[in-house]
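I have placed the structure first, in the form of C-alpha cells, so that the comments after it can refer back to it.
Every number in this text was worked out from the coordinates using simple rules, so none of it is lab data. On a predicted model such as this, the values are computed, not experimentally measured, just so you know. All Cβ positions, glycine included, derive from the backbone under ideal geometry; neighbour counts span all protein chains shown.
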Amino acid sequence: MFKKNFKNKLKELGIPLLFLVGGFLIWEIAVSVLALPEFILPKPSKIIFEIINQFKFFLPHLGITMLSTVTGYFIAFLLSFILAVIFVHSKTIERGLYPYAIAIRVAPILALAPLVVLWFGIGITSKIVIVVLICFFPLLVNTTQGLKTADEKALELLNSLSASKWQIFIKLRLPSSLPFIFPALKISSALALTGAFVGEFLAADQGIGYLILLHTRTFDTTTAMAALLLMVLTGIFFFLLISFIENKVVFWQKPERI
Amino acid sequence: MLKVDKVTKYYNNLHVLDKISFQTNEGEFVSIIGPSGCGKTTLLKIINGLIKPTEGNIEFKDKPIKFAANNGLFGFVFQNPVLLPWRNVIKNIELPLEILGKKNLKNSSGDLLKVVGLDGFENYYPNQLSGGMQQRAAIARALIFEPPILLMDEPFGALDEITRNYMGMELLRIWQAEKTKTSTVIFVTHSVPEAVFLSDRVVILSKRPAKIEKIIDVDLPRPRTTKIKFSKKYFDLIECLRKTLKTS
C-alpha cells in the first residue's frame with residue numbers, strides 16, 4: 001500500500017519534472033545554436049543562477065507581492081463567504097446584489113485597476129483591493145452554490161429533529177459547501193497573483209511586477225525572467241498548498257483535478 | 001397510542017389524502033401500502049410534523065401533536081441512508097443527540113451499534129460501507145434518542161432482494177431487542193410480501209386521493225422466521241392484499 005502510494009507520488013512529481021528538465025535542455029541548446037543575444041532570450045541556466053546568486057535582492061520584492069496577494073485573497077474569501085451566507089438566507093438581498101457582483105466581474109480588471117490606484121495610491125493597499133476584486137466573484141458564486149446544495153433529505157432529517165438555523169448551517173450547509181468552495185479557492189489562488197501583478201505593473205516601487213517592468217525596459221531580460229520564474233514557482237506552491245489543504249479537509253470526496 | 005384522525009391534504013388543488021384515520025397500539029408494527037404516488041410519503045411526513053395537514057389531527061396518547069414541534073416522538077428512516085459523508089458511523093448515529101442537546105447517557109450508541117450489527121465499524125465513513133450497512137447505521141441513528149415511534153419510508157427499497165429480505169429479519173430482531181425502547185413501527189412499503197411478513201396490521205391505501213381501502217390483520221405468530229414464508233396463511237394473506245390493491 002505504502003509502496004504503491006510512493007510510486008504514484010513519484011510518477012506524479014517525476015514526470016512533470018522530467019519534462020521540465022527536457023524543456024530547459026532544448027531551450028539551453030537552442031539559445032547556443034541560434035546564438036541569441038541575452039537580452040532577447042537568456043539561457044535557462046543563466047536565469048537559475050541569477051535567482052540563486054541574487055536571492056537576497058529578489059526576496060523582499062517577492063515578499064511584498066505575496067503579501068498583497070495573500071491579504072487580498074483572504075479578504076476576498078471572507079467577504080464572499082459573508083455575502084454568500086446572507087444570500088442563502090435572504091432571497092431579496094441576493095436578487096438585489098447579485099447583478100452588481102456580476103458587474104464587478106464583467107468589468108475588465110485592467111480597466112478598473114487604474115481607478116483603484118487613483119483612489120488608493122501606489123502603495124500596497126491598491127494591490128490588495130485589485131486582488132480582492134479579481135478573486136471575489138468566483139468565490140462568491142461557488143460558496144453561494146455550495147451553501148445551497150445541502151442534501152434535501154438531510155435537511156428533512158434535521159428539520160424533523162427541529163434543528164435551529166444555526167445547527168443546520170454548521171452541521172449541514174457548511175460542510176456540504178466545502179467541495180464547492182475549494183475549487184474556487186484554487187482558481188482564485190492563481191487569479192490573486194495576477195491581480196497583485198497587474199497592480200504592480202501600473203504603479204509601484206517594489207514587488208515582482210515592478211521588477212519585471214523595470215528590467216524589461218532596461219533590457220536586463222535575465223533579471224526580469226528570473227523574477228517571473230520566481231513568481232511562477234511561488235504561484236504553483238500557493239496552488240499546491242490549497243490543493244493539499246483541500247485533500248485534508250474535504251477527505252470524503254476525491255476532488256476533480258484542475 | 002398514535003392516532004391519525006381524519007387527515008386530509010391538498011397541495012394547491014391536488015387532493016392527495018382524503019380523511020385518513022387509523023390508530024396504532026403500543027408495540028405494534030403497522031405497514032402502509034398503496035399504489036405509487038398515492039401519498040404514502042406525504043402521510044408519513046404529516047405524522048412526523050414536516051408537513052401540515054389541510055385538515056385533521058395527529059394525536060399521541062390522546063394529545064394532539066403540534067406541527068413542527070420538537071417532540072422527540074419519531075425516529076425517521078428514509079429510502080436512502082442519508083448519512084453525512086464527513087462524519088464517521090458513530091458520529092452519524094449520534095447526530096440527533098447533538099441536535100436535541102441530549103447527552104449520550106450510558107453510552108447508548110455503543111449498545112445500539114451492537115444491536116444493529118455494526119460494532120467494529122464505529123470509525124468507518126459512510127462511503128466505506130455497503131448499502132445494507134449504511135441503512136443499518138440510519139436505523140441506529142433513528143433509534144438513538146429512544147423515540148417511542150419509528151417511521152420508515154421504504155427503508156429497504158434501494159437494496160437488492162437478498163439484502164432486503166435479510167434486513168427485514170434484522171429489523172424485526174432490532175425492534176424486539178431488549179435494549180430498543182422503540183415499540184411502534186410505521187413502515188411504508190411497495191412490497192406486499194414484505195408488508196405481510198413484517199407487520200401486525202397492514203393499512204391499504206387507494207389511488208390518489210388516497211383513502212383507507214382496508215386494514216388487514218396479520219395474525220402470523222411472532223417471532224417471525226423464514227419458515228413462515230412457506231406457510232399457507234402467509235400466501236393467503238399476500239393474495240388477499242394483492243386483490244385489495246388491484247380493486248383499489
Grab the beta carbon distance between A:LEU112 and B:MET1, set R0 = 45 Å, and tell me the FRET efficiency rounded to 0.05.
-> 0.10
State, to one decimal in nm, how far the label point of B:SER36 lies from the label point of A:PHE120, with both points 7 Å from Cα in the Cβ direction.
-> 5.7 nm
Taking only Cα atoms and a 10 Å spring cutoff, compute GNM fluctuations for chain A and point out the largest among A:GLY96, A:GLY199, A:GLY146.
-> A:GLY96
Model label zone, B:ARG222; criterion: amide N under 11 Å from point 7 Å along Cα-to-beta-carbon; scope the range B:24-49 | B:25-30
For chain A, built as a Gaussian network whose Cα springs stay under 10 Å, the top-fluctuating residue of A:TYR73, A:TYR210, A:TYR98 = A:TYR98
Angle between the Cα long axis of helix A:2-34 and the longest principal axis of chain A, 0 to 90 degrees, nearest 10?
-> 40 degrees
Can you run the Rg to Rh ratio on the range A:51-158? Use alpha carbon positions and the Kirkwood inverse-distance Rh.
-> 1.14
How far is helix A:124-148 tilted, in degrees, relative to the longest principal axis of the Cα atoms in chain A, given as a value from 0 to 90 rounded to the nearest 10?
-> 40 degrees
Rounded to the nearest 10, the angle in degrees between the Cα long axis of helix A:55-89 and the longest principal axis of the Cα atoms of chain A comes to 20 degrees
Kindly list the residues of the range B:107-137 that lie in the label zone of B:ALA158, defined by a backbone N under 15 Å from the point 7 Å along the Cα-to-C-beta vector.
-> B:126-137
Net charge dipole size for the range A:58-249 [Lys, Arg +1 and Asp, Glu -1 on Cβ; Debye, nearest 20] | 440 debye
Which lysines does A:LYS248 reach when only Cα atoms under 17 Å apart count, and residues fewer than 8 places away in its own chain are ignored?
-> A:LYS9, A:LYS186
Everything considered on the Cα gyration tensor (a ≥ b ≥ c; rounded for a/c under 1.5, else prolate if a/b is larger than b/c, else oblate), the range A:119-253 must be described as prolate
Rounded if a/c under 1.5, otherwise prolate or oblate - the range B:1-65, Cα gyration tensor axes | oblate
Which value at 222 nm does chain A reach when only helices count, each DSSP H run of 4 or more adding -39,500 (n - 2.57), with the total divided by all residues and rounded to the nearest 500 deg cm²/dmol?
-> -28000 deg cm²/dmol
For the range A:126-187 and the range B:157-171, what is the separation of their C-alpha centers, rounded to whole Å?
-> 36 Å
Residue span A:GLU94 to A:PHE74: 0.36 nm per residue of separation minus Cα-Cα distance leaves a gain in nm of 5.0 nm
For chain A, what does the alpha-carbon gyration tensor say about shape, rounded, prolate or oblate, given a ≥ b ≥ c as the root eigenvalues, a/c under 1.5 as rounded, and a/b over b/c as prolate?
-> oblate
Average Cα contact separation per residue, chain A, under 8 Å, 6 or more apart, as relative contact order % = 25 percent
Taking only C-alpha pairs under 8 Å that are 6+ residues apart, what is the relative contact order of chain B in percent?
-> 26 percent
Label-to-label distance, nm, for residues given as A:ILE52 and A:ILE104 (7 Å Cα→Cβ offset) | 4.4 nm
Most fluctuating of B:LYS214, B:LYS102, B:LYS114 in the GNM of chain B (C-alpha, under 10 Å) is B:LYS102
